[in-house]
Structures are given as C-alpha cells and as structure tokens.
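Asker: Attaching a single structure in structure tokens format; questions to follow.
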Amino acid sequence: MDELELIRTLANLIDEDQRKNFVIFGSAAIKMNGVDLGRTIADFDVFVAEETFATLATRFAASQKNGNDGIVPFYAPAENIEILKSFPGVVFDDVAHGAGITEVSFGFPVGNLDDLRKWKTAQGRDKDKVDIKRIDAYLSR
C-alpha cells in the first residue's frame, strides 16, 4: 500500500471531527510535504497526544516495538499504520502547532519538515541521515 491508500484507510477509522488530534508524522509525512525520499514508504506513523493515546485503548489493539529509547507502545488500527504518543527529538504540542493540512491528508494535519528533520536527527540511523540530506536539498531549492 502507498501512503495515499494508508491515509485513506486511517480516514475510514477516525471520525472527521477527531482528525485534528492525529498528526501524520514519519517518513510518509516527509513525502507528503513534497520531499522525494527515493524509496517506498512501507508504513504510516501517526503522532497523538498522551490523552488521545489513552482513549484509543478501547478501539485498537495495543502493541510495542523496540525504539532508540527502549520499548515504544503503539496502536496498529490497520496493517502498516502505527499510532504513537512519542517520537525522539520532538514533543507533540510543538509538532501539532506546526502541522498543517495538505491536499492529500484527508483533514489530518501533517508534521512540518523542521519537526520531521529534528526527529530524523534524533533517530540517527543511516536511512535517517540520507533522509536529512534530501530534506535539506528540498528546503534549499
């Protein structure tokens, strides 16, 4: 599934009046901001506040994965969609404040490139370093 199919799936699960509480983040958000990452985006990360995250326990199955800072809890409402309450290097309130709705975001705010770059820097993986170069090249054009 590409990011358009994934966001369409998410839109079918989240009521329109609640979408402002779910910020599209991760590599899909970078691509939705116009940056060509030169690779396929396999999953879709969604950033929510702690309070919103707590309310999802009655709707979606909880899961966890290993992250840079240890075990990371998340909800997976559909295959390849992960809803998280934290991302390294950024805080939700700042990300939500800087996020904006795009033509293809189905009413969900999308994280801005500055916040996405901060996250990629904090992650520090090889693929993140490549993505940062692509973000920088996009911003400098």
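The values are calculated or read from the model by the stated rules, or taken from the named source; none is laboratory data. All figures in this text were calculated on a predicted structure; none of them were measured in a lab. Backbone-built Cβ (ideal geometry, glycine too); neighbour counts: all protein chains shown.
Asker: State all residues of the stretch 111-133 that are touching a strand residue (DSSP E or B) at 6+ places or on another chain (Cβ under 8 Å) and closer than 10 Å to Val90 by Cβ; if no residue qualifies, say none.
Answerer: Gly111, Asp115, Leu116, Lys118, Trp119, Ala122
Asker: When you scan the stretch 6-28, do you find a residue that is closer than 13 Å to Phe106 by Cβ, of a type in the set (S, T, N, Q) and within 15 Å of the chain's Cα centre (by Cα), even just one?
Answerer: Yes.
Asker: Quick one: count up the residues across the stretch 27-80 that are acidic (Asp, Glu) and surrounded by 17 or more Cβ atoms within 10 Å (Cβ to Cβ).
Answerer: 1
Asker: Here's another thing I want to ask about it. State all residues of the stretch 119-130 that are part of a helix (DSSP H, G or I) and either buried (at least 19 other Cβ atoms within 10 Å of the Cβ) or at positive phi (or both); if no residue qualifies, say none.
Answerer: Selection gives Trp119, Lys120.
Asker: Does Ile132 meet the test of being touching a Lys or Arg at 6+ places or on another chain (Cβ under 8 Å) and at pLDDT below 95?
Answerer: No.
Asker: Now for a separate question. Filter the stretch 56-106 down to residues that are without any contact (Cβ under 8 Å) to a residue 12 or more places away in the chain and on the phi > 0 side of the Ramachandran plot, then give me how many there are.
Answerer: 1
Asker: Go through the stretch 32-58 and report how many residues are charged (D, E, K, R) and at pLDDT 95 or above.
Answerer: Residues in the stretch 32-58 being charged (D, E, K, R) and at pLDDT 95 or above: 4 in total.
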